[in-house]
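Chemist: Sharing a structure below in structure tokens format, with a few things to ask.
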Amino acid sequence: MTDLEEQFRTLDRLDAPDLWPEAQKRQPGTRAPTRPRHPLAAAVLAFTVAAAGVGLAIWAFRGPPPAPKPRPAATPGSERIAFAAYFNGRWQIFSVDADGSDIAQLTDLSTDQFYPAWSPDGTRIAFSAQGGDGFMQIWVMDASGGDLERLTRGRAWNYLPQWSPDGSRIAFVSSRDGNEEVFVMNADGSEQTRLTDDPDEDLSPAWSPDGDRIAFQSNREGNNDIYVMSADGSQVTNLTNTAASGEFDPAWSPDGTRIAFVSDRDGDPEIYVMDEDGSSVSRVTRDAAHDRSPAWSPDGSAIVFESDRAGTVGLFVLNLDGGTVLSLTDVAEACCPAWQPGVPQETGASPGVAVTRCTQVTTSGDFDGDGTTDEAEFIEVASGSVSCDRDGEVFENLSSQEVLVRFGSGQTLEQPFTDCQGGLCAYVFTATDLDGNGRDELAIDLTSAAAIGLVEFYRVDPDGVRALVIADPGDPPFVRPGPAILGGGFDSGVQSPIVCRVNENGSRELISIHAENVGDRLSGPWKVHTTTMVLQGDRLVVTSTGDAESSFPETTGIPSFSKTSPFENGCS
Amino acid sequence: MVQDALVTAGGLEQLYRDDGARLWRALVAFSGDRELASDAVAEAFAQAIGRGSHLRDPQRWVWRAAFRIAAGELKDRGRFRPPLADPGYEMDQPPAGLVAGLSRLSPNQRAALVLHYYVGYATKEIAGIIGSSPATVRVHLSQGRKRLRRILEEQDD
């Protein structure tokens, strides 16, 4: 038997070059397709630094906002959540009520079991079991762990089962032809048919609720993306199409309109939701941990997922209405949850419980471009009777947040806002026309306990508020990851003002400034990072980044920026 | 914050001193190409320097970035370049057989095996680097291990 560890230790015989000098002098991104440096970058930097140095109003420095108080997860029905957990040295299948109670072990086999999947009537569970020969095979059992039946055989990996919505078939992944492909079989294991045929790996099939399509992940274009195909394997479409990030674990919402998935486009795996055609992508978790394996609640109001945010990999429930996340179980190592289908439950506040709506901040602009003024409000909703002091901020019993827009046309839009994850939010809430097309965008500061000064931009349409997409590295034109990428998650504690500049030719640029103390005193010296962006469609494309040191010679303390006028020049 | 900035400035160089050679060798095993490995390491650290104190976990970020850069470059070239194509690679060195064997695995299997057996990462950490889930990494590891053993044993025959 070949000792692999010994084989890999031979790599130590390779003499590694010293690449640190090269890394220090290297301009990041020089390998990738680049775009000429923006000619206005130097002028922009001078302008922004001057603006910051002269016109600074003090932004009262607050400590990190208090952590949001948890609220109940989505009102659970009688459904259970199946999952795999590491117990007594092996991975076995368990189930638990959606409120975290009544945990039960369903399998007690000598090998590892993963990937439970409920039949649409909620009575059976398909799962993957590793056999004595090392290969995984698909089995089914009833919801209590009895009546075991094996569906696949052979010297290949058969795993990741997903039941069709009518219960007649099961999609799964098999390596029988040399690499992972999506297959489908009848629910009794007969008529196993290959749906995908590609030299790369196709994984994680997920049926659309109407049974017509199957979403899956594939690295056929070099990195993992979410694809969708007809249920017969034809008409394959790449829904995410990102060159620089991985997208995986698709899960179709029960109403068929949305797909939850995982992406690491912002640095670490988070749960995202997009429309079923790949549009309107929004991030629904925001945590430094790895969030994966989303599965929808039957009523579509919540998503259960696995995350290592508590140290070990456990299961959490995200309430999409309020953005709150609660731990489902305290099982130390758990993965791959699946929510039992069931009758949708009524959600909302319990009868008799008062709810207080506090308008924290308002702004006005022309979001739909019809020439009339639209009014936007950021509303915090608290359970019970609380006062709306302190500019409407709710410090206790915060249950959810909303954006309300009253359009000049008479239409009203009221939408839950989950990007703040239940934390304090919207210190900046401003309308601005980033691209000069006559339609304002909405800037919202997503300050949270984890990061201060994040401003993200949203497009406001009569049917919804959607985050603008920051272009990915590698997207044309090339975006170089820099220290002040908008919404990128820097956490040094100094505010990042956003300045909008209108150039002489009428073009508009968005400039993000981030000051970093690189000295040993509060007075500095400071390094000022700037990032210049333009809006192209729904994408904010970074055109240049720059650094300048010691830019606050007159400053004796932490440089501060204006809360009320983040858009210093022209775009407001 | 002042402390953070100071720690970060020297911290990345220390990270390079601690991890740079290991990362480079892991990338040689992953790509079969010393030049590509050098480029990916230098680029990943250059990007980390550019991000300064904003990286939450510089070590994890650098490993992930370097493997992504290398994987992207391999894709652009149209697959794994066998060691013979690299004039700087001395084929009589023992890792040559291993690298040749790895070249016959899928990129994810290759990355999982290198990160597990050479670097010692657990499945969760590997998942973070290659952008997959721990459960899937376990599958890549199990499958890749079996295939690599068979390939290496064939080489010995």
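The values are calculated or read from the model by the stated rules, or taken from the named source; none is laboratory data. In this text the structure is predicted, and so the values were computed from the model without any measurement. Backbone-built Cβ (ideal geometry, glycine too); neighbour counts: all protein chains shown.
Chemist: Which of the residues belonging to region B:122-134 are in contact (Cβ under 8 Å) with a residue 12 or more places away in the chain, at the interface with chain A (Cβ under 8 Å from one of its Cβ atoms) and of a type in the set (A, V, I, L, M, F, W, C)?
Modeler: B:Ile130
Chemist: Still on this structure, please answer the following. Taking region A:241-266, which residues are in a strand (DSSP E or B) and of a type in the set (A, V, I, L, M)?
Modeler: From region A:241-266, those in a strand (DSSP E or B) are A:247-252, A:258-263; that's our starting set.
Result: A:Ala251, A:Ile259, A:Ala260, A:Val262.
Chemist: Then there is this: Would you check if there is a residue in region B:13-26 being crowded, with 19+ Cβ neighbours inside 10 Å, at the interface with chain A (Cβ under 10 Å from one of its Cβ atoms) and at pLDDT below 85?
Modeler: Among the residues of region B:13-26, not one is crowded, with 19+ Cβ neighbours inside 10 Å, at the interface with chain A (Cβ under 10 Å from one of its Cβ atoms) and at pLDDT below 85, which makes the answer no.
Chemist: Moving to a separate point now. Any residue in region A:191-202 that is buried (at least 24 other Cβ atoms within 10 Å of the Cβ), within 14 Å of chain B (Cβ to nearest Cβ), touching a helix residue (DSSP H, G or I) at 6+ places or on another chain (Cβ under 7 Å) and free of Cβ contacts under 8 Å to residues at least 60 places away in the same chain?
Modeler: Within region A:191-202, one or more residues are buried (at least 24 other Cβ atoms within 10 Å of the Cβ), within 14 Å of chain B (Cβ to nearest Cβ), touching a helix residue (DSSP H, G or I) at 6+ places or on another chain (Cβ under 7 Å) and free of Cβ contacts under 8 Å to residues at least 60 places away in the same chain.
Chemist: Inspect all residues belonging to region A:267-280 and state whether any of them is part of a loop (DSSP other than H, G, I, E, B), modelled with pLDDT of 90 or more, surrounded by fewer than 24 Cβ atoms within 10 Å (Cβ to Cβ) and not small (Gly, Ala, Ser).
Modeler: The answer is yes, given that some residue of region A:267-280 is part of a loop (DSSP other than H, G, I, E, B), modelled with pLDDT of 90 or more, surrounded by fewer than 24 Cβ atoms within 10 Å (Cβ to Cβ) and not small (Gly, Ala, Ser).
Chemist: Report yes if B:Ile69 is in a helix (DSSP H, G or I), modelled with pLDDT under 85, closer than 21 Å to B:Tyr118 by Cβ and of a type in the set (A, V, I, L, M, F, W, C), otherwise no. Can you show your working first?
Modeler: Values: in a helix (DSSP H, G or I): yes; modelled with pLDDT under 85: yes; closer than 21 Å to B:Tyr118 by Cβ: yes; of a type in the set (A, V, I, L, M, F, W, C): yes.
Spelling it out, B:Ile69 is indeed in a helix (DSSP H, G or I), modelled with pLDDT under 85, closer than 21 Å to B:Tyr118 by Cβ and of a type in the set (A, V, I, L, M, F, W, C).
Chemist: Taking A:Gly122 and the conditions (1) surrounded by 19 or more Cβ atoms within 10 Å (Cβ to Cβ); (2) touching a residue at least 60 places away in the same chain (Cβ under 8 Å); (3) away from chain B (no Cβ under 11 Å), which numbered condition does it fall short on, given that it satisfies the others?
Modeler: For A:Gly122, the failing item is (1).
Chemist: Something else: Just to check your reading of the model, which residue among A:Thr329, A:Thr242 is within 14 Å of chain B (Cβ to nearest Cβ), in contact (Cβ under 8 Å) with a residue 60 or more places away in the chain and hydroxyl-bearing (Ser, Thr, Tyr)? I'd like the intermediate steps shown before the answer.
Modeler: Values: A:Thr329 fails: within 14 Å of chain B (Cβ to nearest Cβ).
Every option except A:Thr242 fails the conditions.
Chemist: Related question: Any residue at all in region A:210-218 that's out of contact with any His (no Cβ under 9 Å at 6 or more places or on another chain), closer than 19 Å to A:Ser293 by Cα and free of Cβ contacts under 8 Å to residues at least 24 places away in the same chain? Talk me through it step by step, then tell me what you get.
Modeler: Taking region A:210-218 as the starting set, the residues that turn out to be out of contact with any His (no Cβ under 9 Å at 6 or more places or on another chain) are A:210-218.
Now drop any that are not closer than 19 Å to A:Ser293 by Cα, which leaves A:214-218.
Okay, now just the ones that are also free of Cβ contacts under 8 Å to residues at least 24 places away in the same chain, so A:218.
Within region A:210-218, one or more residues are out of contact with any His (no Cβ under 9 Å at 6 or more places or on another chain), closer than 19 Å to A:Ser293 by Cα and free of Cβ contacts under 8 Å to residues at least 24 places away in the same chain.
Chemist: Among (1) within 8 Å of chain A (Cβ to nearest Cβ); (2) farther than 15 Å from A:Asp12 by Cβ; (3) modelled with pLDDT of 90 or more, where does B:Gly50 come up short?
Modeler: Among (1) within 8 Å of chain A (Cβ to nearest Cβ); (2) farther than 15 Å from A:Asp12 by Cβ; (3) modelled with pLDDT of 90 or more, B:Gly50 violates only (3).
Chemist: Return the total of residues in region A:217-239 being away from chain B (no Cβ under 12 Å), within 19 Å of the chain's Cα centre (by Cα) and not hydroxyl-bearing (Ser, Thr, Tyr). So that I can check it myself, show each step before the final result.
Modeler: Going residue by residue through region A:217-239, those that are away from chain B (no Cβ under 12 Å) are A:226-239.
Retained after the next criterion (residues that are within 19 Å of the chain's Cα centre (by Cα)): A:226-227, A:238-239.
The next check asks that each one be not hydroxyl-bearing (Ser, Thr, Tyr); those that pass are A:226, A:238-239.
Count: 3.
Chemist: Same structure again: May I ask you to list the residues in region A:81-107 that are in contact (Cβ under 8 Å) with a residue 24 or more places away in the chain, of a type outside the set (A, V, I, L, M, F, W, C) and within 21 Å of B:Pro134 (Cβ to Cβ)?
Modeler: If the condition is that a residue be in contact (Cβ under 8 Å) with a residue 24 or more places away in the chain, of a type outside the set (A, V, I, L, M, F, W, C) and within 21 Å of B:Pro134 (Cβ to Cβ), then A:Tyr86, A:Ser95, A:Gln105, A:Thr107 are the ones that fit.
Chemist: Going by the conditions given, is B:Val114 under 26 Å from A:Tyr115 (Cβ atoms), modelled with pLDDT of 85 or more, crowded, with 19+ Cβ neighbours inside 10 Å and at the interface with chain A (Cβ under 8 Å from one of its Cβ atoms)?
Modeler: yes
Chemist: Limited to region B:29-47, what total is found for residues that are more than 7 Å from chain A (Cβ to nearest Cβ), closer than 12 Å to B:Glu73 by Cβ and surrounded by fewer than 24 Cβ atoms within 10 Å (Cβ to Cβ)?
Modeler: 2
Chemist: Return yes when A:Thr257 is more than 14 Å from chain B (Cβ to nearest Cβ), modelled with pLDDT of 90 or more and more than 20 Å from A:Pro416 (Cβ to Cβ) and no when it is not.
Modeler: No.
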